[in-house]
Structures are given as structure tokens and as C-alpha cells.
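Worksheet: one structure, shown below.
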Amino acid sequence: MSNVYDILSERGYIKQTTHDEIKDILGKEKITFYIGFDPTADSLHVGHFIALMFMAHMQRAGHRPIALVGGGTAMIGDPSGRTDMRKMMTKEIIDHNVSCIKEQMKRFIDFTDDKAILVNNADWLLDLNYIEFIRDIGSCFSVNKMLTAECFKQRLEKGLSFLEFNYMLMQGYDFLELNKKYNCTMELGGDDQWSNMLAGIDLVRRKESKQVYAMTCALLTNSEGNKMGKTAKGALWLDPKKTSPYDFYQYWRNVNDADVEKCLALLTFVPMEEVRRLGALKDAQINEAKKVLAYEVTKLVHGEDEAKKAQEAAEALFGAGNKMDNVPTVEVGKDKIGSSLLEVLVEGGIVPSKSEGRRLIQQGGLTVNEEKITDVNSKLEENFFQDGSALVKRGKKKFYKLQLK
């Protein structure tokens with residue numbers, strides 16, 4: 001049986017490891033490991049998806065995941081990667097977000113028969129006695145050492161609250177708690193969590209005299225080093241109510257050529273031999289690789305039926321079929337006939353603002369039924385609607401259907 005370390009390394013997950021012996025451990029033992037997810041929203045986004053895939057590969061190799069939802073740490077807020085303090089959330093909002101995220105995780109990780117464990121650190125953090133915690137745990141942390149951590153260094157110029165300064169102690173305490181309760185011996189996560197992971201390892205060593213480990217995965221960035229998963233509407237969410245399966249599919253269908261192979265390796269289970277073949281395609285042929293990427297990622301996140309619907313809708317728009325049922329649809333009342341086309345498109349969310357719509361028209365980037373709109377004062381005309389609907393194209397690859405009601 002192959003070592004999962006080799007699989008993770010080949011697919012480009014592993015960024016940093018705390019110990020050279022991690023590879024041998026993963027090849028010889030079945031360990032319990034954890035990844036933490038702070039519930040800052042009521043849905044995970046594509047940045048979390050790479051961590052879920054990291055976890056899924058480990059589980060497929062026989063290791064047991066603990067998915068930790070940070071209902072307690074979210075009360076403080078992770079300063080990592082932030083230039084300012086996170087917005088404070090109420091306990092009610094956090095509890096709602098936790099319940100939503102727990103349901104999403106079950107799509108990717110098998111929690112049946114104790115194959116994985118789902119925990120909420122609110123269960124142990126919210127009942128801590130502050131004086132006892134500071135005496136028992138705080139005494140194990142060096143302020144001088146903490147201030148050298150990247151997550152704190154970048155905040156010192158603009159100001160770091162004492163509240164956020166406690167985050168590292170809390171995350172370290174999570175590792176200690178999981179080690180004692182479940183014999184968890186490894187923490188996995190994004191590379192921005194490196195300092196917090198080291199703190200947890202040191203705390204377990206001090207309190208339990210045990211050696212534990214950590215391994216980080218690369219953050220999802222494009223070939224220019226920028227984070228992927230940002231759209232005109234914001235984050236690329238895993239919740240279909242926040243990002244429709246069609247929009248989700250189209251995001252991956254339209255990634256830069258240089259990012260296709262990396263995304264296939266990190267975000268799908270496509271065998272690496274096929275990943276390399278697809279990634280080597282050039283010019284127009286790379287579109288075939290993008291179709292595989294879009295379909296496979298959408299299938300994992302939204303299921304095979306939704307992936308097929310999104311694929312059919314995209315193929316219809318690009319001339320490979322005629323199924324228009326799954327194109328994003330905006331209903332328009334008959335009373336809007338004669339109104340400003342731009343206002344109708346803004347109201348329907350097809351363009352984000354009138355100024356953006358005017359710019360789009362002036363640059364020749366808006367068509368209705370394949371006819372380019374050149375006048376910013378164009379009206380919504382009844383003859384736009386063929387069989388009750390009109391096809392709007394925004395830019396090169398965004399399609400919408402206006403449905404007359």
C-alpha cells in the first residue's frame with residue numbers, strides 16, 4: 001500500500017512539516033489527526049475545500065480525521081493573515097454557523113462507524129476558568145517567542161488586541177485536549193497556521209511529555225501568487241444558495257491555463273498520470289482539461305446530478321447542445337418592458353451596478369440574443385423575448401436567461 005505522504009507530496013499539498021520522521025509514521029501507523037475550521041460564516045468556501053481534500057486523502061489511507069469546528073476560538077477571532085481585527089460575532093451567530101458547517105463537512109468526510117470525529121472546541125473552551133487557564137497554560141508560552149510569529153508580527157504596527165493575542169493559546173490548548181481525549185498526534189492545516197501549530201506541539205510536549213507533529217498544506221493560489229476563489233460577487237462558497245452550482249462550475253471552467261494542472265491535483269481525485277496529461281495540453285486543447293476540472297470539482301462539492309446540469313448548461317451556451325434549463329435565470333415582469341435595460345440588469349444582479357453596466361456596454365461586452373448592445377440608454381424591448389426568454393451575455397463567458405413572467 002502506498003504511503004499517503006507520497007500521494008500528498010506528488011499532488012502538491014505539503015508545504016511544511018515539523019519532523020522528518022512524519023513520512024515514516026504515516027507509512028507504518030494509522031494515526032488520529034485534526035484540522036480546525038473557524039465558523040466565521042454559515043458556509044465553507046473554496047479556501048476550506050483544499051483542507052477538506054487534504055483530510056479526505058488522509059482518511060482514504062486509513063488515518064482517522066478529527067474535524068474541529070471552532071465555536072470557541074471564533075469568539076476571539078484568528079489574527080492570522082489579517083491587517084485588522086475580525087468583526088465580533090454573537091454566540092447565536094456562531095452556533096448557527098457551526099451547525100451549517102457541520103452539515104457541509106459530511107459531504108466530504110465519512111463520519112460513520114467512528115471513521116472520523118466531529119468536535120466543537122466551544123465544548124471545552126467556553127467553560128474554562130480564566131485564572132486557572134492562565135496559570136496552567138499561559139505559563140507555558142513565552143511572549144517574546146509569540147511576538148516573532150508571523151501572525152502577530154504583521155499586526156504590531158496597526159495594533160494587536162490582547163483578545164487576539166490569546167488565540168494562539170486557545171489553538172494550542174485544542175491540540176492538548178484532543179491529544180488527551182482521542183490520542184490525536186498530528187495537526188494539519190493551511191500554511192498560515194504554522195506558528196499556531198508549533199505552539200500546540202510545544203504545549204503538548206510540556207504538559208504531557210509526548211511528541212506530536214504538524215504538517216501544513218499550500219494555500220490555494222494562482223500562478224501569480226494571488227489567492228484563488230474570489231469572484232465578482234465575493235467568495236466562492238460551497239453552499240449552493242451562496243454560489244450556484246452553475247457559477248461554481250463556470251469559475252473552474254474559466255481558470256487561467258497555467259493553473260489547470262495545479263487545481264486538478266489539489267481539488268480532484270483524478271489520477272496524477274491523467275492530471276499531468278491534461279495539464280500538458282496547449283492552446284485550444286486546454287479547454288478539455290478545464291471541462292474535466294470544472295466537472296470533477298463541482299461533482300465533489302454539489303454532487304453528480306448538479307455537475308451534469310452545470311455541464312449541460314455550459315455546453316448549451318457554447319454551442320454543444322440546446323439544454324438551457326440550468327442557465328442562471330432572472331424573472332422579469334411584463335411591466336418592465338420599455339424600462340431601462342441597464343436598470344433591469346442591475347435589479348436582476350446580472351451587472352453589479354449602473355456604472356459597471358455602462359462601462360461594459362461602452363467596451364462592447366454586453367449582448368442580448370447575440371446582438372451587441374451599444375447604447376447605454378437602451379430599453380428592454382418585447383422583441384428580445386423569443387419564446388418568453390432572452391439570452392444575456394456579460395463579458396466573454398457569463399450567460400444569463402431573462403424570463404418574461
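Laboratory data are not the source of any read-out in this text; all were calculated from the coordinates shown. Just so it is clear, the model here is predicted, and its values are computed rather than measured. For neighbour counting, all protein chains shown are included, and Cβ atoms are generated from backbone atoms with ideal geometry for every residue, glycine included.
Numbers for the structure displayed
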read-out: Separation in nanometres of the label points that stand 7 Å from Cα toward Cβ, at GLN285 and SER355; value: 4.5
read-out: Two-site label geometry, LYS227 and GLU10: point separation in nm, points 7 Å out along Cα→Cβ; value: 3.1
read-out: Set LYS308/LYS405; LYS230/LYS396; LYS115/LYS210; LYS309/LYS372; LYS91/LYS230 screened for pairs whose C-alpha atoms are more than 21 Å apart; value: LYS308/LYS405; LYS115/LYS210; LYS309/LYS372; LYS91/LYS230
read-out: Within the chain, helix-based [θ] at 222 nm, where runs of 4 or more DSSP H residues each add -39,500 (n - 2.57), nearest 500; value: -12500 deg cm²/dmol
read-out: Calculated FRET value between GLU29 and ASP192, using beta carbons and R₀ = 30 Å, to 0.05; value: 0.60
read-out: Sequence-distant residues sharing a close amide H with LYS15 (under 5 Å, placed H); value: THR216, CYS217, ALA218
read-out: Of every Cα-Cα pair in the chain, the percent that sits beyond 36 Å; value: 35
read-out: Modelled FRET efficiency - R0 45 Å, ARG276 with HIS19, Cβ distances, 0.05 increments; value: 0.90
read-out: Over segment 4-217, volume per residue of the alpha carbon convex hull, in Å³; value: 123
read-out: Gain on full stretching of the segment that runs from THR112 to LYS153 - 0.36 nm per residue minus C-alpha separation; value: 10.6 nm
read-out: Listed peptides 347-355, 297-305, 260-268 by packing density, highest first (mean Cβ within 10 Å); value: 260-268, 297-305, 347-355
read-out: Theoretical FRET efficiency, 1/(1+(r/R0)^6), r = Cβ-Cβ of ARG205 and SER339, R0 51 Å, to 0.05; value: 0.15
read-out: Expected-Rg normalisation [2.2 N^0.38 Å, Cα atoms] applied to segment 230-317; value: 1.03
read-out: Cα centroid separation, segment 247-261 to segment 326-396 (Å); value: 25
read-out: Length released on extending from LEU126 to ASN254, taking residue separation times 0.36 nm less the Cα-Cα span; value: 41.7 nm
